[in-house]
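To start, the structure itself, in C-alpha cells.
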C-alpha cells in the first residue's frame, strides 16, 4: 500500500483528503502544519508522495519544498502543492521552489488521483534508474575484481605448467639414478650408465631447477594469498546482508573497499592511506555505508581522469585518511583531480546532477552517499575543493548512534484522520 503525507492546517480539508485517499487504497499520514510535515518527511523514508497546502502556519508549502531540495535526498519525494492561488506566476513560483505538481482548491477528486498516479509513475521510473545505476556500478566493480584475480591466477597457472615440466625432467633423472642403484646392488656400475647420468643431468639442468622450483612454489603461494585476500575483501565488503546497525571497524571496511576497487584506480592514481590506529568502532549500517567509499573513490578517479586524461602519463593521487574528533569519526577522501567549479557547488550532491557526458554517469553516486551518511546515520558529508588542484570529501559519523535512528516511526503519532 502506497504511503502518502497529507499536510493542511484546515481540519475539514485535511479530513476530506484523508478519506478520499484512503478509499482509493492509500495509507495516509496526516499533519496539521508545515513543521510537523517536515519532521515526518525527515524521519520517514517510506513516504515518497505528499499533498501539501501552500499556506500553513510555522512553515508553508513553498518553504517545505525548498528545504526538501536543500536536503539533496537521493530518493525523490513527489510533492503536490494544494492552494487557492491561481495564475501562471504562482505556478512558476511553486515549480521553482521544488514542487512537482500543483492543484487548485477546491480540488476535484479525479484530478487529484490522476496527478498522484502520475507521481507514482515518476517515482517508479526514478527507482528503475537508480537500480540500473547500481547494476552498472556492480558490473564495473565485478569487472575490476575479475581483472585483479586474473593477474595472480595467470602467473599461478604459468608456474604450475613450469613445475609440471620440471618434475617430468626430475622423474627422468630419478629413473636414471634408479638404474645406477640396481647395477650397484649387483656389484657393477658401467661407464656407459654413468655417462648417461651425466648427460641427463645436463639436459635437465638440475642446478637451474634447484633454484627455480622453490621460487615458483613461493610465487604461486604468493598468488594464492593475493586471491584469498581479494576474496576476503569481497566477503567483508558484501558483509552478511545485515540491515541493523552494528559495531564496525571503519579502517578495515575502507581497506576492503580499496582492495575490491583496485582494478578501477590502479591505472589512474596511486592510493595512499593514513588511518588512525586508535579509531573506535562505529555503530552503523555497514551494508549501506559500503556504498559511500566506493562512490567517493570513483568520483576521485573521474576527477583525476578529467585533469590528466583517460590514460594519464603521470598518475594522480587518492588519499584516504581517518581520525577521531571527539564523539565523531572523520573520513577524508582527497584527490589531485580537476576540482569542482564554484558555480556547481550547490548542486554537486543533487540526485541525477552530473557534469559527465550522456551515458557516462547518472549523477546518483554522491546523492546516494549523502543520503546514507546524513539521512541514515545522522552524519555529515561536505567537501573542500580548489579548481585545478583537487577535492576532499569529508564524511563525519557519530561514533555512538541511536540504534533505532533512521527507522520508521509510529505513524499514529502523526495521523489525525
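Where a number appears in this text, it was derived from the coordinates with a stated rule and is not lab data. On a predicted model such as this, the values are computed, not experimentally measured, just so you know. Neighbour counts run over all protein chains shown; Cβ positions are idealised from the backbone, glycine included.
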>> Test of understanding: express the Cα radius of gyration of region 3-107 as a ratio to 2.2 N^0.38 Å, with N the residue count.
In response: 0.98
>> Please compute the Kirkwood hydrodynamic radius of region 143-235 from all pairs of different C-alpha atoms, in Å with one decimal.
In response: 15.8
> Is region 240-398 best put as rounded, prolate or oblate by its Cα gyration tensor, with a ≥ b ≥ c the root eigenvalues, rounded for a/c under 1.5, and otherwise prolate when a/b is larger than b/c, oblate when not?
Replying inline: prolate
>> Whole angstrom only: what separates the Cα centroid of region 273-335 from the Cα centroid of region 160-193?
In response: 59
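Set the Förster distance to 41 Å, then compute FRET efficiency between residue 202 and residue 155 from the Cβ-Cβ distance, nearest 0.05. Don't skip to the end; give the middle numbers.
Details: r = 28 Å, r/R0 = 0.69.
Approximately 0.90, to the nearest 0.05.
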